[in-house]
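The block underneath contains the structure these notes are about, expressed in structure tokens.
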Amino acid sequence: MNLDIDRQHIWHPYTSITEPGPIFPVASAEGVMLTLDDGRQLIDGMSSWWCMLHGYNDSTLNQAIIDQTQKMSHVMFGGLTHEPAIKLAEKLVNITPAPLQHVFFSDSGSVSVEVSIKMALQYWHAQNKPEKKRLLSHSCGYHGDTFAAMSVCDPITGMHHLFSDLLMPQLFAEPPQCRFDEEWDEKYIADFKEKISAHHHELAAVIIEPIVQAAGGMRFYSPKYLQRVRELCDEFNVLLIIDEIATNFGRTGELFGCHHADISPDIMCLGKALTGGYMTLAATLCTDKVGQIICSGEAGVLMHGPTFMANPLACAVANASIDLLLNSPWQKRITSIQSQLTEELSECKNWPHIADVRVLGAIGVIELKQAVDMNVIQPQFVDQGVWIRPFGKLVYIMPPFIIKPEELSRLTQGMKTVINSIK
Ligand SMILES: *Cc1c(COP(=O)(O)O)cnc(C)c1O
């Protein structure tokens, strides 16, 4: 592989053209293993950013794509429809909370967040309440990189000041302070409650990640918090958008994050693991009420329609991935990943340079007291035979669900060895 061309011409995510940092060429991937161009093998601790539930090169998923290519790889979705999209919509409506009835397909998580925001704005516009146009979110959240999505990301890490003239001015509550299994106290919701009660007349929606604030801080919070958010949204007549893009399809131990709290949002965003990591696809679901009101408005339609909407290859592999997941002992697998992570990472709690260790479902996080230098630490993980990509003070893993205990041990061992060496 010609890495010079990569360096000269390709932007990688959040990187500099002049100082791109280390980059590792991947030749192939199978199961939980990435094989580099030079033959080295790495156990993937990232699931390619939350996506690869069943591992790489899965024969069932491969076959689903091959079969679909023999019928059609793509067809426009305006005025036409197809079996893979119909099957997928039916599945999603069946497995998400019952009030969610309408599915809008798009091509990435960020776009599904844009669509969710557009739905909320059109909903209030149709009811002659155009003043309800702001969003309330949490600090430490992450919802994507497009402009509306960016406006609800953490203002500091999302660098809002760079875009301050352009971003819609949103409201931010303190991130939830109660840990996942901590006893509930109303003080935890006080700041959120104050913001929603002071601003509900101008709020279209609350948008939050359920149970896990992922890319914005890897924070886990109590289901009770989510229940209180639902209650307060109802009390103050504000829509609730739940961004499940990181949590969806079992990652936290429930199929969806909002299942922990037994609540239903008005609008839900799905993405990342939707196709088992094979192709880019996302979906925004809404209740019948939201859908009906949007379509009663001035536009009469939802004003969105991506070119590659409901791509048949992506829908076909999503169907295969969801079937594979639901027919697997996924809950048992995640419970054992959770116990093993808890056991193997707990010793780090006592290390002087560690601030916190936390585990939920198939997610393990070690939070350091100081930020790590990614350019230094990344090659060290590779030397340990693991693929882990930390950010800031956070070194974390969320492996494919099919990982074997001995592979998971190599992952946690690699994490501990590298972290121990930088104290
Ligand atoms: C990754 C992520 C997104 C953005 O998805 P993309 O596919 O990268 O556009 C949005 N919300 C959450 C919670 C995410 O984790």
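Some points to look at:
- Karplus-based coupling profile of region 348-365, in residue order and whole Hz: 5, 3, 8, 6, x, 8, 9, 8, 6, 10, 9, 9, 8, x, 9, 10, x, 10, with θ = phi - 60° in 6.51 cos²θ - 1.76 cosθ + 1.60 and x standing for Gly or Pro.
- Gaussian network model of the chain, springs between alpha carbon atoms under 10 Å - residue of 400, 210, 306 with greatest fluctuation: 306
- Of all lysines in the structure, the ones whose alpha carbon falls short of 23 Å from that of residue 349, not counting any fewer than 8 places away in one chain, are 369, 393, 416, 423.
- In sequence order, calculated HN-Hα J values of region 202-218 (Karplus, 6.51, -1.76, 1.60; Hz; x Gly/Pro): 10, 9, 7, 7, 9, 10, 9, 8, x, 6, 10, 8, 7, 4, x, x, 6
- Within the accessible area of the chain, the carbon and sulfur atoms contribute 53%, probe 1.4 Å, all protein chains present.
- For the chain, the calculated P(r), taken from all Cα-Cα distances in 20 Å bins from zero up to the bin holding the longest distance, is 25, 59, 16, 0 percent.
- Region 339-394 shape via C-alpha gyration tensor axes, a/c threshold 1.5: oblate
- For region 235-246, 3J(HN,Hα) per residue [Karplus equation, 6.51 cos²θ - 1.76 cosθ + 1.60, θ = phi - 60°, Hz, x = Gly/Pro]: 4, 9, 6, 10, 5, 10, 9, 9, 8, 9, 4, 8
- Inter-label distance, nm, simple model (7 Å from Cα along the C-beta direction), residue 28/residue 87: 2.8 nm
- A simple spin-label model places pseudo-atoms 7 Å from Cα toward Cβ; at residue 147 and residue 335 they are separated by 4.9 nm.
- Extension gain, residue 163 back to residue 375 (0.36 nm per residue minus Cα-Cα distance, nm): 73.6 nm
- Charge-dipole axis of the chain as Lys and Arg at +1 and Asp and Glu at -1 on Cβ define it, positive-most pick from 152, 403, 233: 233
- Accessible area per residue, Å², the chain with all protein chains present, probe 1.4 Å: 44 Å²
- Placing a label point 7 Å from the Cα of residue 197 along the Cα-to-Cβ direction, the residues of region 226-245 whose backbone N falls under 19 Å of that point are 226-239.
- Partners for residue 187 among lysines (Cα-Cα distance below 24 Å; same-chain residues under 8 apart left out): 195, 224
- With a 1.4 Å probe rolled over the protein heavy atoms of all chains, the accessible area of 102, 161 falls in the order 161, 102, largest first.
- Mean-position separation - Cα centroids, region 395-417 and region 65-105, in angstrom: 34 Å
- For the chain, a Gaussian network of Cα nodes joined below 10 Å ranks 19, 298, 343 by mean-square fluctuation, and the top entry is 19.
- For the chain, built as a Gaussian network whose Cα springs stay under 10 Å, the top-fluctuating residue of 360, 88, 167: 167
- Report summary: the helix-based calculation at 222 nm, which adds -39500 (n - 2.57) for every DSSP H run with n ≥ 4 and divides by the residues of the chain, gives -10500 deg cm²/dmol.
The values are calculated or read from the model by the stated rules, or taken from the named source; none is laboratory data. Values in this document were obtained by computation on a predicted structure and should not be read as measured data. Cβ sites come from the backbone with ideal geometry, for glycine too, and all protein chains shown count toward neighbours. Keep in mind that these areas ignore ligands, DNA and RNA; they rest on the heavy atoms of the full protein, side chains included. Shrake-Rupley method; radii C 1.70, N 1.55, O 1.52, S 1.80 Å.
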